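One structure is given below, encoded as structure tokens.
The values are calculated or read from the model by the stated rules, or taken from the named source; none is laboratory data. All values derive from a computational prediction rather than experimental measurement. Note: ideal-geometry Cβ built from the backbone for every residue, glycine included; neighbour counts use all protein chains shown.
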Amino acid sequence: VGWNRPVDQLNAAQSGALASNLLHEVRDYLVPQVKAAGIATNRFKYLSFQIGSNDLCQLCLAADALLGPGTQSDFEANIRETLEYVRKNIPNTLVNLFGVFQVSEIYKLTLNQPYCQQLIPNVTHYNLECTCALFSGEAGEFTRSRMDKLQGQYNVALQKIVADYKAKNYKDFAVIWQPPSVPLGQYPIESLSSLDCFHPSTATHQRIAAGLWNRLTLNETARAASFKWETTPEFRCLQADDRIKT
């Protein structure tokens, strides 16, 4: 699947992507786009980086495996390879590494919701895009518990990566950690797209984007504050004395 360059601009994300697709997104789209835009090497860049939801949805049983697709080690290797490619090809970049949030909550949020039946009225909605969160009964409880376990493993891996980059202390590249405090289960159903009741709606993208930006210069405790649903998202303008702690 390709990109719509006039629309996507510097957004390399692709729907349905797994961590294993990240290098492709960066190597085959983001880096060429940065070069095509004529962005000077010595200019500072900011990159929001988030992945893992589709991995949880499709590969949740990897939580109990040591090796193979979707495991903690595989996920970590994919992230490291991608970040190194960014470091070597887009210097002077600050990466805000956003953790993996609790996607399993999508089951209760969408259960028996008329909002999710707009595409095909009077037909029960099944979240086929997140098979591990789909089932009811004991089977569903088990797969969702694997999602939550894998989520924890992924976030451990991500924080390890952040710590490693902090220790290396590159002068032209840094990675900071943004805790995934996204209480999806407390969000309104409108936080999801009415087309599939899985992907975030425009309203959610707006609120998460504002939340990420507003936390940039905060300390670790403040950055971990919950991304509460705001009636109207607000952006905080950076001040002259603000500093991003790397």
Among VAL103, VAL123, VAL95, the single one that is more than 18 Å from GLY152 (Cβ to Cβ), of a type in the set (A, V, I, L, M) and at pLDDT 95 or above is VAL95
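Here's the yes/no breakdown for (1) surrounded by 13 or more Cβ atoms within 10 Å (Cβ to Cβ); (2) over 23 Å from THR246 (Cβ atoms); (3) not charged (D, E, K, R):
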{"site": "LEU23", "(1), (2), (3)": "yes, yes, yes"}
{"site": "VAL26", "(1), (2), (3)": "yes, no, yes"}
{"site": "VAL31", "(1), (2), (3)": "yes, no, yes"}
{"site": "PHE44", "(1), (2), (3)": "no, no, yes"}
{"site": "GLY52", "(1), (2), (3)": "yes, no, yes"}
{"site": "LEU56", "(1), (2), (3)": "yes, yes, yes"}
task: For region 160-177, indicate whether the set of residues that are among the charged types (D, E, K, R) and in contact with a Phe, Trp or Tyr (Cβ under 8 Å, 6 or more places away or on another chain) is non-empty.
output: no
Taking region 125-157 and the residues there that are in a helix (DSSP H, G or I) and among the small types (Gly, Ala, Ser), the one that is surrounded by the fewest Cβ atoms within 10 Å (Cβ to Cβ) would be GLY137
Over region 55-70, the set of residues touching a Leu at 6+ places or on another chain (Cβ under 8 Å) and either among the small types (Gly, Ala, Ser) or part of a loop (DSSP other than H, G, I, E, B) (or both) is LEU59, ALA62, ALA63, PRO69, GLY70
Check whether at least one residue in region 165-188 is assigned to a helix (DSSP H, G or I), within 19 Å of ASN78 (Cβ to Cβ) and in contact with an Asp or Glu (Cβ under 9 Å, 6 or more places away or on another chain), and report yes or no. no
Any hit, region 80-95, residues being assigned to a loop (DSSP other than H, G, I, E, B) and within 25 Å of MET147 (Cα to Cα):
no
Only one of (1) surrounded by fewer than 17 Cβ atoms within 10 Å (Cβ to Cβ); (2) free of Cβ contacts under 8 Å to residues at least 24 places away in the same chain; (3) of a type in the set (A, V, I, L, M, F, W, C) does not apply to TRP213, and that is (1)
Given the conditions (1) of a type in the set (Gly, Ala, Ser); (2) out of contact with any Ser or Thr (no Cβ under 8 Å at 6 or more places or on another chain); (3) modelled with pLDDT of 95 or more, every one holds for ALA65 apart from (2)
Going through region 233-246 in order, the residues found to be loosely packed, with under 13 Cβ neighbours inside 10 Å, within 22 Å of the chain's Cα centre (by Cα) and over 19 Å from PHE173 (Cα atoms) are GLU234, PHE235
Of the candidates THR82, THR71, the one satisfying the condition of being buried (at least 20 other Cβ atoms within 10 Å of the Cβ), polar (S, T, N, Q) and more than 15 Å from the chain's Cα centre (by Cα) is THR71
### Task
With respect to GLU234, determine if the residue is modelled with pLDDT of 95 or more and charged (D, E, K, R).
no
Across region 189-210, the tally of residues that are among the polar types (S, T, N, Q) and either exposed (fewer than 13 other Cβ atoms within 10 Å of the Cβ) or out of contact with any Ser or Thr (no Cβ under 8 Å at 6 or more places or on another chain) (or both) stands at 2
Scanning region 195-227 for residues that are modelled with pLDDT of 95 or more, in a loop (DSSP other than H, G, I, E, B) and under 19 Å from the mean Cα position of the chain (by Cα) gives SER201, LEU216, ALA224, ALA225, SER226, PHE227
